[in-house]
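Below is one structure, written out as structure tokens; the observations come after it.
Laboratory data are not the source of any read-out in this text; all were calculated from the coordinates shown. All figures in this text were calculated on a predicted structure; none of them were measured in a lab. When we count neighbours, we look across all protein chains shown, and the Cβ atoms used for this are built from the backbone with ideal geometry, even at glycine.
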Amino acid sequence: MFESVDPSTLFVDDQYQRDIGERGIRQIRKMIEGWDWTKFRAPVCAFETGDDGNEVLKVIDGQHTCIAAASHPNVHRIPVQIVEAPDQQSQASAFIGQNVDRLGVTKLQLHQAALTAGDEHAQDVQNVCERAKVKILLTTPHRYEAGDTVAISAISALVKKHSVLKARQILEVLSNAGLAPIKDAHIKATELLMTDAEFCDQFEPEDLTKEIETAGMLAENEAKVFAATHKVQFWKALASVWFKKTRKKRRAAP
């Protein structure tokens, strides 16, 4: 069903919608300056009853178009597609359905939408990160703080592959080392060392944390050389460099 609406009356829910950012603002300005109805794509919206009992029309997909239309001096009404999604959870699910295969929608944005939609795996990922003192960022900041990460794909894979306890222990090694940010390669390298039988019984997690914190960027620089020399993936090289200098457990006397 389609309806003609005043774009200034539409509501965007920032709980799961993408952050506009500088790139988005430039896109909106470009749309306003070169408004072309032949290129118009109707936004997807859903009605929701607010706490005050009034019905609002919330944008599920097409927020840039809605903002551009509301900001354009000569655009007073636009057609929107109305779908059945009466609450925030169902709207977030609809957002995922609209955007899961779309270029420009990041894994971080889809994770936030899945979290709002009540997805069990997304909640596990969030809980693991919170307990490990790892902060998932939705956008790239000017300066990272210790424990910050945008490596949602690596963390999601970690939680799927292992128990939530093991995933938390792996992330704690990195957050306790004060990495800023925690990157995909850090997670994969630590996962290898903490779970592979060749390595995991030879050190304490606290000692791996100490080595990561002490070595800093020197370890990453050494790993880049190692990776190029031995033709292995960077994260495997990083695991090798960290493991080599991590304090080992004392072996029991025979």
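A few remarks follow.
- Nearest-20 debye value, segment 149-254 charge dipole, Cβ charges on Lys, Arg, Asp, Glu: 220 debye
- Environment charge at Phe226 (Cβ cut-off 11 Å; Lys +1, Arg +1, Asp -1, Glu -1): +2
- Coupling constants for segment 214-219 follow from the phi torsions by the Karplus curve (6.51 cos²θ - 1.76 cosθ + 1.60, θ = phi - 60°), and in residue order they are 6, 6, x, 6, 4, 5 Hz; glycine and proline get x.
- Charge context of Glu130, other residues only, Cβ under 14 angstrom, K/R +1, D/E -1: +1
- Nearest-20 debye value, the chain charge dipole, Cβ charges on Lys, Arg, Asp, Glu: 1500 debye
- Neighbour-count ranking [beta-carbon atoms within 10 angstrom, fewest first] of Val164, Val44, Val83, Val173: Val164, Val83, Val44, Val173
- Residue with peak Gaussian network fluctuation, the chain [Cα springs, cutoff 10 Å], from Asn74, Asn54, Asn127: Asn54
- Ranked list, fewest to most other Cβ atoms within 10 Å of each Cβ, for Trp235, Trp37, Trp242: Trp37, Trp235, Trp242
- Remark: segment 1-87 projects, on average over all directions, an area of 6.0 nm² (convex hull of Cα atoms).
- Geometric descriptor of segment 119-254, per residue, is 120 Å³ (volume of the convex hull of the Cα atoms).
- Contact order, relative form, for segment 119-254: 21 percent (alpha carbon pairs under 8 Å, 6 or more residues apart, mean separation divided by residue count).
- The relative contact order of the chain comes to 14 percent, based on Cα pairs under 8 Å that sit 6 or more residues apart.
- Taking Met31, Met217 and counting other C-beta atoms within 10 Å, the order from fewest to most: Met217, Met31
- Multiplying each eigenvalue of the alpha-carbon gyration tensor of the chain by 5 and taking the square root yields semi-axes of 47, 20, 14 Å, largest first, rounded to whole angstroms.
- Using bins of 5 Å that start at zero, the share of Cα-Cα pairs per bin across segment 180-220 amounts to 5, 22, 30, 29, 12, 2, in whole %.
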